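Notes follow the structure.
The values are calculated or read from the model by the stated rules, or taken from the named source; none is laboratory data. The shown structure was predicted, so the numbers you read here are calculated from the model rather than taken from an experiment. Note that we place each Cβ from the backbone using ideal geometry, even for glycine, and neighbour counts take in every protein chain shown. Calculation scope for accessible area: heavy atoms of the full protein, side chains included, ligands and nucleic acids excluded. Shrake-Rupley method; radii C 1.70, N 1.55, O 1.52, S 1.80 Å.
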Amino acid sequence: MTKTFLKTIPILIALFCLFSCQPSYPFEKVEFPTKSFTFNPKADTTLFGEQGTRIFIDSETFQFPNGDLVKDSIKIELQEFYKKSDIVLAELSTESNGELLETAGMLNIKAFSNGKAIEIKSDKRIVVHFPKGNDYYKKMDLFYPDSTATDSSVVNWNVDTISLIKRTMRLSGFGWWYPSSNDSTRYDFIPKDFKEEGYYWNPLDFYVKSYDFSDRTIKEVEQTKNVNTYKGFGSWNSNGVECELYVTKKGYIRSPKIVTNLSRRARREMLKFLRNLPQLEAGKNKYGDIIERRGLLFIKPGDIVPLYETEEAYVKSFNEKYARYEDEPIKSMDQAELKFYIFSVGKLGWINCDRFLQFEEKVDLMVDIKASPDLQLKLVFKDINGVLKPKVVDGKYVFQQIPVGEKATIVGIKNSEDNLLAAIEELTISESPINDLKFSGISLGELRKKIDAL
């Protein structure tokens, strides 16, 4: 018996080595980097995230929840979610009330002063830039999470329809009278010392859009048709306001007049706007002599523009701040919109740069596995930058209303006895359920690589 036992020992040792030498991956806590910024609330600030995010913050933008203005230094904490692996490993999903979204990135932004959480004032916005990458041609919208969101989880998003846009008016046309019949010099209403940066087709358009016209005046102008008899100005016989004015030799507005028939209240508001236009470059005749010019402006209503376009401090920040931090500085609004999706953001926390996707045929895809709190499932699309979480229906996982025929990958993650296990299986979406997932040990680094490669 002793001999038999001695013969068994080498076998037991071999079996022990066989199993103990298998790779063991201890469960690693998934952490997402947070970048912190500290700055003076009295100064305009531009922040630069590690993954390409840009945030412009105007001076005196924040307040405490009780309404007191923040006067001491501010700390911003920024988390960026652009990579598929980050979105899959986080408790995030690209879904809005049952509709699939395609994302260009998600952010979580927090702000503090003296250790207390602060918020954006109701009359302020911060300007957030999501880098476009190769998706520059896709139109994206701003989304906020619904009430079910937590500090670490968002499963449903709502499109923003309030803070993103502003109803305003714009400069539709301008013209001038020649000082004499033999002088055809041109005049373009350029602000004094203006530096051409390509923001607008005419610099005065910025001042029209930036002016805070009342809703009543905007509505009245929308409903008022201008009628004039000037030769060559037939295009001005449409809804809008025709204004006459003089530009003095020093570039100041003199004797502004509203030609269009408006109410007294709206007329006062339009005149106030004209009188507050900046000093302009003086006009010259064909001999180069400075002269007084007489001109026309036509202002039309109803344009919907992003709020950031009406923020003068933000527009000026391109040359002053971007050039300081970037190898290829952004110097104009046009350049910025080529490289970024830009939004005016009115509240902190989670925000999402997404767009809705439409599909003719959808199906509920069931994963025939018993639901467990230790198991996380995600559906990652191949040709769509979207990630979905399943619902639990009758104890089973179901991805609801997903597009038939799209290629995707199911990613399952769970920990068993402190080991990280993952299942990654490709499929083409159909009505056929998923009956099994094969899990194996994997490190967190390897898992991230596999997900990003999908």
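Residue count for region 179-208, restricted to those that are at pLDDT 85 or above and touching a helix residue (DSSP H, G or I) at 6+ places or on another chain (Cβ under 6 Å): 1. Would you confirm whether any residue within region 413-429 is of a type in the set (Ser, Thr, Tyr) and in contact with a strand residue (DSSP E or B) (Cβ under 6 Å, 6 or more places away or on another chain)? Yes, the conditions are met somewhere in region 413-429.
Put simply, of Gly386, Gly395 the only residue that is on the phi > 0 side of the Ramachandran plot and of a type outside the set (Ser, Thr, Tyr) is Gly395. The set of residues in region 209-232 that are in a loop (DSSP other than H, G, I, E, B) and surrounded by 11 or more Cβ atoms within 10 Å (Cβ to Cβ) comprises Tyr211, Phe213, Ser214, Thr224, Asn226, Val227, Asn228, Tyr230.
Looking across region 355-381, not a single residue is of a type in the set (S, T, N, Q), surrounded by fewer than 11 Cβ atoms within 10 Å (Cβ to Cβ) and more than 21 Å from Asn156 (Cβ to Cβ). If only residues of region 61-84 that are closer than 23 Å to Glu311 by Cβ and among the hydroxyl-bearing types (Ser, Thr, Tyr) are counted, the one that is nearest to the chain's Cα centre (by Cα) is Thr61.
Among the helices (runs of 4 or more DSSP H) confined to region 264-358, the ones with at least 3 residues that are at pLDDT below 90 and under 30 Å from Ala43 (Cβ atoms) are located at 312-317, 333-339.
What residue, among those in region 111-121 that are out of contact with any Leu (no Cβ under 6 Å at 6 or more places or on another chain) and in contact (Cβ under 8 Å) with a residue 40 or more places away in the chain, is most open to solvent (accessible area, probe 1.4 Å)? Out of the qualifying residues, it is Lys116.
Of everything listed in (1) over 24 Å from Asp452 (Cα atoms); (2) not in a strand (DSSP E or B), the single unmet condition for Lys110 is (2). Residues in region 391-447 that are among the small types (Gly, Ala, Ser), within 35 Å of the chain's Cα centre (by Cα) and either part of a loop (DSSP other than H, G, I, E, B) or surrounded by 14 or more Cβ atoms within 10 Å (Cβ to Cβ) (or both): Gly405, Ala408, Gly412, Ala422, Ala423, Ser430, Ser443.
Taking the conditions exactly as written (without any contact (Cβ under 8 Å) to a residue 24 or more places away in the chain, more than 29 Å from Gly412 (Cα to Cα) and crowded, with 19+ Cβ neighbours inside 10 Å), does Thr45 satisfy them or not? Here the answer is yes, as Thr45 does meet what is asked.
Can you tell me which residue within region 34-71, out of those that are outside any strand (DSSP E or B) and among the basic types (Lys, Arg), is nearest to Gly133 (Cα to Cα)?
Across region 34-71, the extreme among qualifying residues is Lys42.
Filtered by the rule that a residue be of a type in the set (Asp, Glu) and more than 17 Å from the chain's Cα centre (by Cα), region 96-118 gives a lone residue, Glu99. Filter region 86-100 for residues that are surrounded by fewer than 21 Cβ atoms within 10 Å (Cβ to Cβ) and under 22 Å from Ile442 (Cβ atoms) and give the result. Hits for region 86-100 are Ala90, Glu91. On the given criteria, is Ala408 at pLDDT below 90 and under 17 Å from Lys84 (Cα atoms)? When the stated conditions are applied, Ala408 does not pass them. Starting from residues that are out of contact with any Ser or Thr (no Cβ under 6 Å at 6 or more places or on another chain) and within 17 Å of Trp177 (Cα to Cα), keep the ones in region 253-272 and report whichever is least open to solvent (accessible area, probe 1.4 Å). The qualifying residue least open to solvent (accessible area, probe 1.4 Å) is Ile258.
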